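The values are calculated or read from the model by the stated rules, or taken from the named source; none is laboratory data. The structure displayed is predicted, hence computed values, not measured ones. Counting neighbours? That spans all protein chains shown, and the Cβs are built from the backbone with ideal geometry, glycine included.
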Amino acid sequence: MNASQSPPPAPARSWRWAVLAVVVAAQAAFFYSRCAVDERPTPDTFGMPNPYLERPTLQDRGMLGTRAPAQPGDLVVSQGKALIAGLATDGARVYFGESLLGQRILAVPVAGGAETTLGSGGMPLDVALGKNVLVVADAGGLMTDGQGKIMAFPLDGSGEPRVLASRLVLPSAVAVSATHAYWVDGGTVERDYMDGFVACAPLAGGAHKVLAAGERQPSGLAVDATHVYWARQDVNKQGEVVRMPIGGGPIEVVSYGQDRVKRIAVVGTNLYWISAKDLDGTRAAVRSAPVKGGPAFDVAVADNRMCSMAIDGEAVYWSDPGEVGGAGASTRGRILKKPLAGGEPTVLASGQDRPCYVAVDATHVYFSTQSLERVKRAPKNPASVP
C-alpha cells in the first residue's frame, strides 16, 4: 500500500444493515417513551434513598435548558435529541459529535449556554482536541464501507473543515499530538479484520502515512511525545496492548492478554486502558502498565461495565452505564472516581441514563447520557464546592 494513499473501499457488507436496524430500533423506542408520556422524573424521585444509589445526597438536578444551578450537583450542559459521539473539553468549552439524528459537530460552554456548530459529519465516532482544531473520526454511515473520514474542524467555527484522510472503513478512535492526528481503522469482516491499520496525518494537511498495516481489529488509541499506543486482537481472540514510535518503526508489546480494550490514555510513564474481565464484558477494569512494557495491574474494577474513562493525572474517572435489563436500568448509570494512588472509589453522579463518554478539566467531570439532558457535569471534588 502506498503510504500516501488510503486503502481501497471494501464492498458493502450485510452486517451493517443489522447494526443499523438495532440502532434505529433503540432510538425509536427511546423517543417513543419520551413522547408517549409527558412526565419527567423529578429531582426528588432521583434523590430518594435507594440502596443502589451509593450517594443519594448527590442528586440529579433534572434541569431543562442550559442554566447552571448555584448548588453542587449535576449540571445540564447541553440538551438535545441526538445521541452523543465522543467528548472532549479544554476547560472553557465541551466538544462533541452528534450521531445519526443530528450529525453535527458542536461546542458548548462548560457551564451551559449557546451552542456553536463547528460543522457536520456523517457518523462521528470519536473526537480529540488539537491546537485550534477538533479532530473527528467519522465513519460516514452504516450502509457502505469506504465513506469514513478524519476531519479537522476549526475551534472558532470559521472556515471549512480540513479532510485529513478519506475512504476509510471504520475509523473508531483518534488521538492528537502537537503536529499530527492519529487514528485506527478496524478493518472489514470479509477479511477477518486483518486489514485494519494505524495511520497519521499532519494537522496542517498533507499526505497521510500508514504506520502499521495488517492489524486485526485495532482499538483504543493514545499518543505521547515518542510513541503511539493501541490494542489489537489475534485470531484466537486474545488481545494485547502495543506501541510504535510516532514516526513508524518496530511494534512492541506493552501488555499481553488484554481483551476488548478501549479508551487508552498515557499519564507520565504509565499507560492506562479499559479491559473486559469476561466474555460478557462485565467486571470491566481500568488497567495499567509501564509504557515500556511490564506487568499490568487493576487500577479500578467496575461492579458491572465501563463504557468510557478519562484521567487527569491524579485520578481515573469512568462511566458505569448500569445493569443491562431489569426495572429501572436506564436510570442506574453512575460516574465514578478513584485516585491513581489507590483508595476507595467515589460516586460523583448517580441515577444517570446510560452514561458513556467522559472528559475532565480542572474542576469538573463531563459525561454523556442517553436522555434529553445529553451532556452533564459534576464536581470532581464535591466537598470543595461551596
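Key figures
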read-out	value
Whichever residue in segment 214-235 is among the polar types (S, T, N, Q) and farther than 20 Å from A201 by Cα and, among such residues, is nearest to the chain's Cα centre (by Cα)	Q217
Pairs, first farther than 11 Å from F367 by Cα in segment 302-315, second among the basic types (K, R) and outside any loop (DSSP other than H, G, I, E, B), C-beta under 7 Å, six or more apart	A315/K337; A315/K338
Test: residue in segment 371-385 that is modelled with pLDDT of 90 or more, touching a Lys or Arg at 6+ places or on another chain (Cβ under 6 Å) and not hydrophobic (A, V, I, L, M, F, W, C)	no
Matching entry among L125, L134, L118 (being in contact with a Gly (Cβ under 6 Å, 6 or more places away or on another chain) and within 23 Å of S177 (Cβ to Cβ))	L118
Residue match in segment 122-131 (condition: charged (D, E, K, R) and surrounded by fewer than 22 Cβ atoms within 10 Å (Cβ to Cβ))	yes
Restricting segment 226-260 to residues that are assigned to a loop (DSSP other than H, G, I, E, B) and at pLDDT 90 or above, the residue that is surrounded by the fewest Cβ atoms within 10 Å (Cβ to Cβ)	P250
Some residue of segment 286-302 being part of a loop (DSSP other than H, G, I, E, B) and within 16 Å of the chain's Cα centre (by Cα)	no
Selection within segment 81-97 - within 16 Å of the chain's Cα centre (by Cα) and either among the hydroxyl-bearing types (S, T, Y) or within 13 Å of F153 (Cβ to Cβ) (or both)	G86, A88, T89, Y95, F96, G97
Residue, surrounded by the fewest Cβ atoms within 10 Å (Cβ to Cβ), within segment 132-168, restricted to residues that are closer than 24 Å to V198 by Cα and acidic (D, E)	D145
Options G130, G148, G157; residue that is in contact with a Leu (Cβ under 9 Å, 6 or more places away or on another chain), of a type outside the set (K, R) and at positive phi	G157
Criterion violated by C200 - all others in (1) buried (at least 18 other Cβ atoms within 10 Å of the Cβ); (2) out of contact with any strand residue (DSSP E or B) (no Cβ under 6 Å at 6 or more places or on another chain) satisfied	(2)
Contacts under 8 angstrom Cβ, first residue in segment 350-379 being over 18 Å from L101 (Cα atoms), partner in a strand (DSSP E or B) and acidic (D, E), 6 or more apart	P355/D320
